[in-house]
Amino acid sequence: MWGWTNLTTGTDFVLLGLFYHIQAPSILFSFIFLVFLVTLVGNVMIIILIWIDAQLHTPMYFLLSQLSTMDLLISSTFVPRTATDYLFGKNTISFINCGIQLFLFTTLFGAECLLLAVMAYDRYVAICHPLHYSVLMRPTVCAFLVAGSWLSSPLNALGHVIYTLKLPYCGSREIHHFFCEIPALLKLVCADTSHYENVLYVSGVVFLLLPISAIVASYGQILSTVLRLGSNVGMRKSLATCSSHMIVVSLFYGTAIIKVYHTAEQDEVVSVFYTMLTPMLNPLIYSLRNKEVARVLRKVLGNPA
């Protein structure tokens, strides 16, 4: 592994890293650093633009700022460490730090699943019940939905982390991954984990299947409403309003579904998507496809046209 050592203490894990079989650490470091830089600039830009422009102080853009915050956090949790591991040739992680990574990833992933469903509900109310939008998505309701996304996920994550770290691990502590993730750790356990995998399945239903169902139902109702109107203008406006969110949802949940049915060889590629590429692409999608965000960006850059 191009000079990395496997010396660990009794409680350390060895992270084999991202594409550990590729003998080109400088190229991978440059790629990871560039991705993180674009992610940082893009998401911070979205948050600042929404904060400084009064016309963007609406539930839709408040939810978008929360999505950018989650993307920024999930990228900051894993990408800098992965880059520095390549730069300094370090591949060990302590038991405690591994638990912290498990908790943060599980929390942020679950929170984003729920938030994307809330964003779909917001678009459903705006298009299907526009006269009641100010009531159904009033600030208190919006804050409650966002708080639910943020607060329910850590409780779920904490239970999984405590149970996972109490399992007995085999002699080999090499994790074929670039960060600590529950499925990767379960491969090192010297015990029957079938019952716990059933618990993971239930958790997946709550944080993956139910939000996907809510999103599909919301957009199904939106499509039905738009088709009933029979207006090409209305359809174009609805598609313009929802297209960015639908692309983001497709990227996030498409990757998550592939993650469920992936092979071991595909694991790293899938992980790169939901920890690096998706957080990078989300602000680009919204800034390029959203007229209001683009307007504020041009205004800040001194080009109001």
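The values are calculated or read from the model by the stated rules, or taken from the named source; none is laboratory data. Since the structure is predicted, the reported quantities are computational estimates derived from the model, not experimental observations. Here Cβ is always computed from backbone atoms with ideal geometry, including for glycine, and neighbour counts include all displayed protein chains. Surface areas here come from the heavy atoms of the whole protein model, side chains and all, with no ligands, DNA or RNA. Shrake-Rupley method; radii C 1.70, N 1.55, O 1.52, S 1.80 Å.
Here is how the number arises for the chain: DSSP H runs of 4 or more residues each give -39500 (n - 2.57), the sum is divided by the residue count, and the result at 222 nm is -24000 deg cm²/dmol. Can you tell me the orientation of helix 232-260 relative to the chain, as the angle in degrees between its alpha-carbon axis and the longest Cα principal axis, to the nearest 10? Roughly 10 degrees, rounded to the nearest 10.
Ranking LEU116, LEU186 by solvent-accessible area of protein heavy atoms (1.4 Å probe, all protein chains present), from largest to smallest, gives LEU186, LEU116. In this calculation the C-beta distance from PHE95 to PHE31 is compared with R0 = 41 Å, giving a FRET efficiency of 0.90.
Excluding ligands, DNA and RNA, the accessible surface per residue across region 207-251 is 56 Å² with a 1.4 Å probe. Roughly how many Å is it from the Cα centre of region 26-67 to that of region 171-212, as a whole number? Cα centres, region 26-67 to region 171-212: 30 Å. Each Lys and Arg Cβ is given +1 and each Asp and Glu Cβ -1; about its Cα centre, the chain then shows a dipole of about 1060 debye. Around the amide H of GLU174, modelled in the peptide plane, lie the amide H atoms of VAL14, all under 5 Å away and 5 or more residues distant in sequence or on another chain.
Among ASN198, ASN156, ASN290, the largest mean-square fluctuation in a Gaussian network model of the chain, built with springs joining Cα atoms closer than 10 Å, belongs to ASN198.
Counting only protein heavy atoms and a 1.4 Å probe, tell me what percentage of the chain's accessible area is made up of carbon and sulfur. Here it works out to 71 percent. GNM remark for the chain: springs join alpha carbons under 10 Å apart, and the peak mean-square fluctuation among ARG295, ARG81, ARG228 falls on ARG228. The smallest convex shape that holds all Cα atoms of region 135-197, its convex hull, gives 105 Å³ per residue. Within a straight-line Cα-Cα reach of under 28 Å, LYS166 can be paired with the following lysines, leaving aside sequence neighbours fewer than 8 residues apart in one chain: LYS90, LYS187, LYS259.
Average accessible surface for region 72-162: 42 Å² per residue, computed with a 1.4 Å probe over protein heavy atoms with every protein chain in place.
Counting only Cα atoms, the size of the chain along its three principal axes is 64, 47, 31 Å, in decreasing order.
Under 5 Å between amide hydrogens, built in the peptide plane, is the criterion, and for THR92 it picks out LEU15 among residues at least 5 positions away or on other chains.
Computed from phi, the 3J(HN,Hα) profile of region 46-56 under the Karplus parametrisation 6.51, -1.76, 1.60 (θ = phi - 60°) reads 4, 4, 5, 4, 5, 6, 8, 9, 5, 5, 9 Hz, with x in place of Gly and Pro. Against the chain, whose longest principal axis comes from its Cα atoms, helix 59-88 is set at around 20 degrees. Counting 0.36 nm for each residue step from GLU197 to THR140 and taking away their Cα separation leaves a gain of 16.8 nm.
Using θ = phi - 60° and the Karplus form 6.51 cos²θ - 1.76 cosθ + 1.60, what ³J(HN,Hα) does each residue of region 182-194 get, whole Hz, x for Gly and Pro? Rounded to whole hertz, the list is 3, x, 5, 6, 4, 5, 9, 7, 9, 6, 6, 10, 4.
Computed from Cα positions, the angle between helix 291-300 and the longest principal axis of the chain comes to roughly 80 degrees.
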